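Below is one structure, written out as structure tokens; comments come after it.
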């Protein structure tokens, strides 16, 4: 009989720009070594994962990241008293800072384990620091620079040629072809995500991504590459296929080895016509398409849980090539009483 464990997972917004929570949960539910009880952690009352009772056993609202670590600790302490949580897997960039600060306290005070990047790793892969990260770890990265005001646009134009990429602090990126578009995207992204805004050199090619897991000692437990087959207007993959690309896998493994990355990650690349790879972004958690890796034989969320629990995990072997994922929309019928319960009590 498989041992029972309780894992709390955030990122339940399974919408057109989905969070990684539901794919992570699906992978955990298919674990060969654990019988997993899933606790959902939500920020909004309309996150669809709250109402997916076949996947999420019980859900709790948690305070927004802006509320700080003390509020989060208090809420997690309450949830742990109710559920006896073994592992927490946070899945949003914006919440990771608070969870990283609480990692040791959660372990020592509540017995809750996590397996997250270190603060140094989290900071050096930030969009604003990615160019220096590439130089440090031997990977090609398009030149980028932080921008704090639209008054800097004319000066930026002396360092970058059009088109250029305008990126938000946490999410979203747009291609700008003139100063007016730069200003428009700057205002849009800064209002939504705050400052700084990142300006990045535009590199033409096809986008390829890797979902990976590092053990914190320089070993890549898994690295599975994917090419997007269908992209939404938000730039999210609605369909993708696993690739036979040893060079891309080796680049990802070298990044993990050099940085001694700890935890899940997504590496976003552009592959040029000359077959050169440029690293565009490192997301410090699993991507929303991580279930593809499980479908290819690499159950990365399950391996992350083992690492969090202090178990020894060997690197995966080969993964299946040519496996596709295709997202779809699905209308759930939800009783108003459930919506009222999560809205008023904060539990469901």
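Data table
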read-out: Subset of region 56-77 [surrounded by 18 or more Cβ atoms within 10 Å (Cβ to Cβ) and either outside the structural domain of residue 8 (by TED's automatic domain parsing) or closer than 17 Å to residue 7 by Cβ (or both)]; value: 56, 59, 60, 62, 76
read-out: One residue from 157, 183, 237 being within 27 Å of residue 289 (Cα to Cα) and not assigned by TED's automatic domain parsing to the domain that holds residue 20; value: 237
read-out: Output for region 1-31, where each listed residue is farther than 20 Å from residue 96 by Cβ and either surrounded by 16 or more Cβ atoms within 10 Å (Cβ to Cβ) or at pLDDT 95 or above (or both); value: 4, 5, 6, 26, 29, 30, 31
read-out: Single match in 310, 263, 346 (criterion: surrounded by fewer than 23 Cβ atoms within 10 Å (Cβ to Cβ) and modelled with pLDDT of 95 or more); value: 310
read-out: Wholly enclosed strands (runs of 3 or more DSSP E) of region 160-253 bearing at least 1 residues touching a strand residue (DSSP E or B) at 6+ places or on another chain (Cβ under 8 Å), surrounded by 15 or more Cβ atoms within 10 Å (Cβ to Cβ) and without any contact (Cβ under 8 Å) to a residue 40 or more places away in the chain; value: 164-167, 173-176, 220-231
read-out: Residue list for region 138-158, filter: touching a residue at least 24 places away in the same chain (Cβ under 8 Å) and either crowded, with 19+ Cβ neighbours inside 10 Å or in contact with a strand residue (DSSP E or B) (Cβ under 9 Å, 6 or more places away or on another chain) (or both); value: 139, 140, 141, 142, 143, 144, 145, 146, 147, 148, 153, 156
read-out: Wholly within region 280-346, helices (runs of 4 or more DSSP H) carrying at least 2 residues that are more than 21 Å from the chain's Cα centre (by Cα) and within 21 Å of residue 210 (Cβ to Cβ); value: none
read-out: Flag if residue 292 is over 21 Å from residue 121 (Cα atoms) and assigned by TED's automatic domain parsing to the domain that holds residue 11; value: no
read-out: Every residue from region 266-293 that is free of Cβ contacts under 8 Å to residues at least 60 places away in the same chain and surrounded by 20 or more Cβ atoms within 10 Å (Cβ to Cβ); value: 266, 267
read-out: Any hit, region 61-76, residues being in contact (Cβ under 8 Å) with a residue 24 or more places away in the chain, within 20 Å of residue 337 (Cβ to Cβ), over 19 Å from the mean Cα position of the chain (by Cα) and not in a loop (DSSP other than H, G, I, E, B); value: yes
read-out: Qualifying residue in region 76-83 (condition: touching a strand residue (DSSP E or B) at 6+ places or on another chain (Cβ under 6 Å) and over 26 Å from residue 329 (Cα atoms)); value: yes
read-out: From 130, 116, 96, residue being touching a strand residue (DSSP E or B) at 6+ places or on another chain (Cβ under 7 Å), at pLDDT 95 or above and within 28 Å of residue 236 (Cα to Cα); value: 116
read-out: Restricting region 78-93 to residues that are assigned to a helix (DSSP H, G or I) and modelled with pLDDT of 95 or more, the residue that is nearest to residue 6 (Cα to Cα); value: 83
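The values are calculated or read from the model by the stated rules, or taken from the named source; none is laboratory data. Keep in mind the model is a prediction, meaning the values are calculated, not measured. Backbone-built Cβ (ideal geometry, glycine too); neighbour counts: all protein chains shown.
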